[in-house]
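**Student:** Sharing a structure here in structure tokens format.
The values are calculated or read from the model by the stated rules, or taken from the named source; none is laboratory data. Worth saying up front: this structure is predicted, and the values here are computed from it rather than measured. With ideal geometry, Cβ positions are generated from the backbone for all residues, glycine too; neighbour counts draw on all protein chains shown. Quick note on the areas: whole protein, heavy atoms, side chains included, nothing else; ligands and nucleic acids left out. Shrake-Rupley method; radii C 1.70, N 1.55, O 1.52, S 1.80 Å.
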Amino acid sequence: MPFQKVQSEKLSTSVVRQIEQLILRGILRPGERLPAERDLAERLGVSRPSLRDAVAELQCEGLLTTKAGSGIYVAEVLGNAFSPALTRLFASHDEAMFDYLSFRRDMEGLAAERAARLGSESDLKVIQAIFDKMVEAQKRSKGDEEARLDAEFHMAIIEASHNVVMLHMLRSMFDLLRQGVFYNRQIMFHQRTTREAILDQHRVINNALQERDPAGARAAVEAHLSYVEMCLADQKKAEKNEAIARQRLEHENARL
């Protein structure tokens, strides 16, 4: 019979499993600082030597890192999906920007559909709270804050989809976006009409999620990202037209 004796698990192994799960589920995020050793040991109900053994094992796995005089942090495990050379290619070719948006539209549409079906009440409250902050940020004309909350809103939907592979893949993609690899997100939040349209689109997304309408949530996310794609295409065209206009101006000035 395929049975084996149950082995008692070391306390440090239980700690390792718990922290691994928190990282896997996206609750502990890359770069996040863990509580101080004494506090963390008390929260986990283990001795400090057991905690140290667990931290050492997680460091060997590349999941935690220690900074001298600062503490224990979740390792920066994102961004390794793309080599530096490929990242530079993404940044220098518009084709990659539009493919990135197409990829997000497909993946985030699916995430929104799943979030409307599978998200817990707490998930939906998080999304609602972020949307409320977006409304307040727009009232204060805080473009930089709006851009940050926009990313948080989308990530909250992805987290509410409860698919850990999708979560880490898209978090890695958002990290490249944060670095400005694909385009400068903040430009969009310095144009009033665009900001208002984007907020309205997020309102439609949020309403569909709160009403647990999977098809509506997916359609709203897809419509929003199609709008972002159109805005960026218009921006690229305007930049090209301006470059041509400057050439004409320089040529005309040279003739005077």
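**Student:** What about Ala160, is it open to solvent by less than 10 Å² (accessible area, probe 1.4 Å), over 17 Å from Arg29 (Cα atoms) and either in contact with a helix residue (DSSP H, G or I) (Cβ under 6 Å, 6 or more places away or on another chain) or not small (Gly, Ala, Ser) (or both)? First the steps, then the outcome.
**Tutor:** On the way: open to solvent by less than 10 Å² (accessible area, probe 1.4 Å): yes; over 17 Å from Arg29 (Cα atoms): no; either in contact with a helix residue (DSSP H, G or I) (Cβ under 6 Å, 6 or more places away or on another chain) or not small (Gly, Ala, Ser) (or both): yes.
Criteria not met by Ala160.
**Student:** Let me ask another. Taking the condition open to solvent by less than 30 Å² (accessible area, probe 1.4 Å) and either out of contact with any Pro (no Cβ under 9 Å at 6 or more places or on another chain) or within 30 Å of Ala215 (Cα to Cα) (or both), does Ser50 pass? Quick ask: steps written out before the conclusion?
**Tutor:** Working: open to solvent by less than 30 Å² (accessible area, probe 1.4 Å): yes; either out of contact with any Pro (no Cβ under 9 Å at 6 or more places or on another chain) or within 30 Å of Ala215 (Cα to Cα) (or both): yes.
Considered against the rule, which asks whether it is open to solvent by less than 30 Å² (accessible area, probe 1.4 Å) and either out of contact with any Pro (no Cβ under 9 Å at 6 or more places or on another chain) or within 30 Å of Ala215 (Cα to Cα) (or both), Ser50 comes out as yes.
**Student:** Considering only residues that are aliphatic (A, V, I, L, M) and surrounded by fewer than 21 Cβ atoms within 10 Å (Cβ to Cβ), look in the range 112-129 and name the one that is nearest to Leu209 (Cα to Cα). First the steps, then the outcome.
**Tutor:** As a first pass, look at the range 112-129 and keep what is aliphatic (A, V, I, L, M): 112, 115-116, 118, 124, 126-127, 129.
Adding the requirement that they be surrounded by fewer than 21 Cβ atoms within 10 Å (Cβ to Cβ) leaves 118, 124, 126, 129.
Values: Leu118: 10, Leu124: 7, Val126: 11, Ala129: 13 Å.
If we take residues in the range 112-129 being aliphatic (A, V, I, L, M) and surrounded by fewer than 21 Cβ atoms within 10 Å (Cβ to Cβ), then Leu124 is nearest to Leu209 (Cα to Cα).
**Student:** Additional query: Being of a type in the set (Asp, Glu), in a helix (DSSP H, G or I) and closer than 19 Å to His202 by Cα is true for just one of Glu113, Glu95. Which residue is that?
**Tutor:** Only one candidate qualifies: Glu113.
**Student:** Considering only the range 181-195, I want to know if a residue exists there that is surrounded by fewer than 20 Cβ atoms within 10 Å (Cβ to Cβ), polar (S, T, N, Q) and more than 22 Å from Gln235 (Cβ to Cβ).
**Tutor:** no
**Student:** Being surrounded by 14 or more Cβ atoms within 10 Å (Cβ to Cβ) and either assigned to a helix (DSSP H, G or I) or at positive phi (or both) is the filter; apply it to the range 72-88 and report the residue that is modelled with the highest pLDDT.
**Tutor:** Of the residues in the range 72-88, the ones surrounded by 14 or more Cβ atoms within 10 Å (Cβ to Cβ) are 72-75, 77-79, 82, 87.
Next cut, either assigned to a helix (DSSP H, G or I) or at positive phi (or both) only: 79, 87.
Details: Gly79: 51, Thr87: 80.
Here the answer is Thr87.
**Student:** Is it true that Gly109 is surrounded by 14 or more Cβ atoms within 10 Å (Cβ to Cβ) and under 28 Å from Leu24 (Cβ atoms)?
**Tutor:** yes
**Student:** Considering each residue of the range 47-102, count those that are of a type in the set (S, T, N, Q) and touching a strand residue (DSSP E or B) at 6+ places or on another chain (Cβ under 6 Å), and give that number.
**Tutor:** Matching residues across the range 47-102 total 2.
**Student:** Right, next: Which residues, taken from the range 32-46, are open to solvent by 80 Å² or more (accessible area, probe 1.4 Å) and either touching a strand residue (DSSP E or B) at 6+ places or on another chain (Cβ under 8 Å) or farther than 28 Å from Leu167 by Cα (or both)?
**Tutor:** Of everything in the range 32-46, those that are open to solvent by 80 Å² or more (accessible area, probe 1.4 Å) and either touching a strand residue (DSSP E or B) at 6+ places or on another chain (Cβ under 8 Å) or farther than 28 Å from Leu167 by Cα (or both) turn out to be Arg33, Arg38, Glu42.
**Student:** Tell me, yes or no, whether the range 226-247 has at least one residue that is open to solvent by less than 70 Å² (accessible area, probe 1.4 Å), under 18 Å from Phe131 (Cα atoms) and of a type in the set (D, E, K, R).
**Tutor:** No, that holds for no residue.
To keep it simple, each residue is scored yes or no on (1) touching a residue at least 24 places away in the same chain (Cβ under 8 Å); (2) part of a helix (DSSP H, G or I); (3) among the hydroxyl-bearing types (Ser, Thr, Tyr).
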residue: Ala151; (1), (2), (3): yes, yes, no
residue: His168; (1), (2), (3): yes, yes, no
residue: Ile187; (1), (2), (3): yes, yes, no
residue: Arg195; (1), (2), (3): yes, yes, no
residue: His202; (1), (2), (3): yes, yes, no
residue: Arg212; (1), (2), (3): yes, no, no
residue: Met230; (1), (2), (3): no, yes, no
residue: Glu239; (1), (2), (3): no, yes, no
residue: Arg248; (1), (2), (3): no, yes, no
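**Student:** Output yes when any residue across the range 154-166 is touching a His at 6+ places or on another chain (Cβ under 6 Å) and modelled with pLDDT of 90 or more, and no when none is.
**Tutor:** Scanning the range 154-166 turns up no residue that is touching a His at 6+ places or on another chain (Cβ under 6 Å) and modelled with pLDDT of 90 or more.
**Student:** Go through the range 215-256 and give me each residue that's more than 24 Å from Tyr100 (Cβ to Cβ) and in contact with a Leu (Cβ under 9 Å, 6 or more places away or on another chain).
**Tutor:** Correct list: Gly216 only.
**Student:** On the basis of being surrounded by 20 or more Cβ atoms within 10 Å (Cβ to Cβ), among the acidic types (Asp, Glu) and under 20 Å from Gly119 (Cβ atoms), does Glu222 make the cut? Talk me through it step by step, then tell me what you get.
**Tutor:** Numbers: surrounded by 20 or more Cβ atoms within 10 Å (Cβ to Cβ): no; among the acidic types (Asp, Glu): yes; under 20 Å from Gly119 (Cβ atoms): yes.
It is false that Glu222 is surrounded by 20 or more Cβ atoms within 10 Å (Cβ to Cβ), among the acidic types (Asp, Glu) and under 20 Å from Gly119 (Cβ atoms).
**Student:** Given the conditions (1) modelled with pLDDT of 95 or more; (2) open to solvent by less than 50 Å² (accessible area, probe 1.4 Å), and given that Tyr100 satisfies all but one, which numbered condition is not satisfied?
**Tutor:** Among (1) modelled with pLDDT of 95 or more; (2) open to solvent by less than 50 Å² (accessible area, probe 1.4 Å), Tyr100 violates only (1).
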